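Visitor: Pasting a structure below so you can have a look.
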Amino acid sequence: MKKLLLAACAAVAATTPALAGDLPLQRPYGPQAYNSLFNWTGFYAGVNGGYGWSKAAGTSPDGFVGGVQAGYNYQFSPTGVLGVETDIAATSMSDTAAGAKFGVNYLGTIRGRAGYTMDRVMFYVTGGAAYGQGELDIGGLSNTQTHWGWALGGGLEAMVTPNVSARLEYLYADLGKQTYQSLLGPTNVGFSTNMIRGGLNYHF
């Protein structure tokens with residue numbers, strides 16, 4: 001009986017190191033990479049409104065801006081988003097100085113966006129083409145011209161429901177020069193504007 005017990009103990013002792021060698025290696029717990037829970041990929045459309053101020057023809061037009069936008073986002077990494085957006089807004093911006101009145105009838109952009117997300121919050125920069133219609137009135141002679149240029153800005157956007165986001169955005173646009181007719185003859189007018197606006201988007 002003693003021989004049988006000794007043989008059994010010897011067998012267990014011989015197999016224990018082999019079993020221990022087969023156990024998985026235990027690694028200490030380390031920091032995990034952050035993964036966004038919300039995916040921003042998809043189409044969206046919405047409305048915007050805010051305040052704009054400009055420089056043109058020696059005047060400083062300012063006033064309300066409000067319009068619509070639409071775009072598409074693609075989330076290519078846990079925190080990276082690329083997209084494209086277009087918008088157009090009517091404005092009440094106008095000013096008079098030295099007998100000349102300049103107003104901005106509408107503004108629009110076609111821009112790319114690059115964002116950094118923290119789940120349902122995104123910080124982004126944006127830039128692209130810009131256009132707008134100015135109206136110059138000197139001595140009762142009024143005419144309009146369409147300007148083209150570029151826009152650059154950035155903003156913050158956050159999801160407030162599963163399908164609706166709210167945003168706050170700043171844009172600067174340089175619309176270049178156009179030739180307006182006046183009582184003094186053709187007049188070249190340069191036009192630039194700043195806008196701060198809020199908005200709401202519905203994500204499809």
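The values are calculated or read from the model by the stated rules, or taken from the named source; none is laboratory data. Being a predicted model, the structure only gives us computed values, none of them experimental. Using ideal geometry, Cβ is built from the backbone for each residue, glycine included, and neighbour counts are taken over all protein chains shown.
Visitor: Go through the residues of region 99-113 one by one and say whether even a single one is charged (D, E, K, R), part of a strand (DSSP E or B), closer than 22 Å to Val81 by Cβ and touching a strand residue (DSSP E or B) at 6+ places or on another chain (Cβ under 9 Å). Spell out how you get there, then give the answer.
Guide: Restricting attention to region 99-113, the residues satisfying the condition of being charged (D, E, K, R) are 101, 111, 113.
With the extra rule that they be part of a strand (DSSP E or B), the set shrinks to 101, 111, 113.
In the following step, the residues that additionally are closer than 22 Å to Val81 by Cβ were identified as 111, 113.
Now drop any that are not touching a strand residue (DSSP E or B) at 6+ places or on another chain (Cβ under 9 Å), which leaves 111, 113.
Yes, some residue in region 99-113 is charged (D, E, K, R), part of a strand (DSSP E or B), closer than 22 Å to Val81 by Cβ and touching a strand residue (DSSP E or B) at 6+ places or on another chain (Cβ under 9 Å).
Visitor: Out of Asp137, Asp174, which single residue is at pLDDT 95 or above, assigned to a strand (DSSP E or B), surrounded by 14 or more Cβ atoms within 10 Å (Cβ to Cβ) and among the acidic types (Asp, Glu)?
Guide: On the way: Asp137 fails: at pLDDT 95 or above.
Criteria check complete, one pass: Asp174.
Visitor: Identify, please: which residue in region 149-171 is over 17 Å from Gly67 (Cα atoms) and among the polar types (S, T, N, Q) and is, among those, surrounded by the most Cβ atoms within 10 Å (Cβ to Cβ)?
Guide: Within region 149-171, the match that is surrounded by the most Cβ atoms within 10 Å (Cβ to Cβ) is Asn163.
Visitor: When residues of region 116-127 are filtered for being surrounded by fewer than 16 Cβ atoms within 10 Å (Cβ to Cβ) and in contact with a Lys or Arg (Cβ under 9 Å, 6 or more places away or on another chain), how many remain?
Guide: 1
Visitor: In addition: From Phe64, Phe43, Phe76, grab the single residue that is within 16 Å of Ile196 (Cα to Cα) and surrounded by fewer than 15 Cβ atoms within 10 Å (Cβ to Cβ). So that I can check it myself, show each step before the final result.
Guide: Numbers: Phe43 fails: within 16 Å of Ile196 (Cα to Cα); Phe76 fails: within 16 Å of Ile196 (Cα to Cα).
Sole residue among the options that is within 16 Å of Ile196 (Cα to Cα) and surrounded by fewer than 15 Cβ atoms within 10 Å (Cβ to Cβ): Phe64.
Visitor: Those residues that are within 19 Å of the chain's Cα centre (by Cα) and aromatic (Phe, Trp, Tyr), I need them from region 132-181; list them, please.
Guide: Trp150, Tyr170, Tyr172
Visitor: Looking at region 99-115, can you tell me whether even one residue there is surrounded by fewer than 21 Cβ atoms within 10 Å (Cβ to Cβ), modelled with pLDDT under 95 and of a type in the set (A, V, I, L, M)? Please lay out each step first, then the result.
Guide: Initially, region 99-115 is screened for residues surrounded by fewer than 21 Cβ atoms within 10 Å (Cβ to Cβ), giving 99-101, 105-106, 108, 110, 112, 114.
Narrowing further to those that are modelled with pLDDT under 95: 99-101.
Keeping just the survivors that are of a type in the set (A, V, I, L, M) gives 100.
Yes, region 99-115 contains at least one residue that is surrounded by fewer than 21 Cβ atoms within 10 Å (Cβ to Cβ), modelled with pLDDT under 95 and of a type in the set (A, V, I, L, M).
Visitor: Does region 100-115 contain any residue that is among the aliphatic types (A, V, I, L, M), farther than 27 Å from Trp148 by Cα and within 12 Å of the chain's Cα centre (by Cα)?
Guide: Within region 100-115 (the criterion being among the aliphatic types (A, V, I, L, M), farther than 27 Å from Trp148 by Cα and within 12 Å of the chain's Cα centre (by Cα)), the answer is no, since none of the residues qualifies.
Visitor: Same structure again: Somewhere in region 149-158, is a residue in contact with a Gly (Cβ under 8 Å, 6 or more places away or on another chain), farther than 23 Å from Gly46 by Cβ, not in a loop (DSSP other than H, G, I, E, B) and not hydrophobic (A, V, I, L, M, F, W, C)?
Guide: yes
Condition check ((1) hydroxyl-bearing (Ser, Thr, Tyr); (2) within 19 Å of Thr109 (Cβ to Cβ)) across all residues:
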residue	(1), (2)
Thr161	yes, no
Tyr172	yes, yes
Lys177	no, yes
Leu184	no, no
Asn188	no, no
Asn194	no, yes
Gly199	no, yes
Tyr202	yes, no
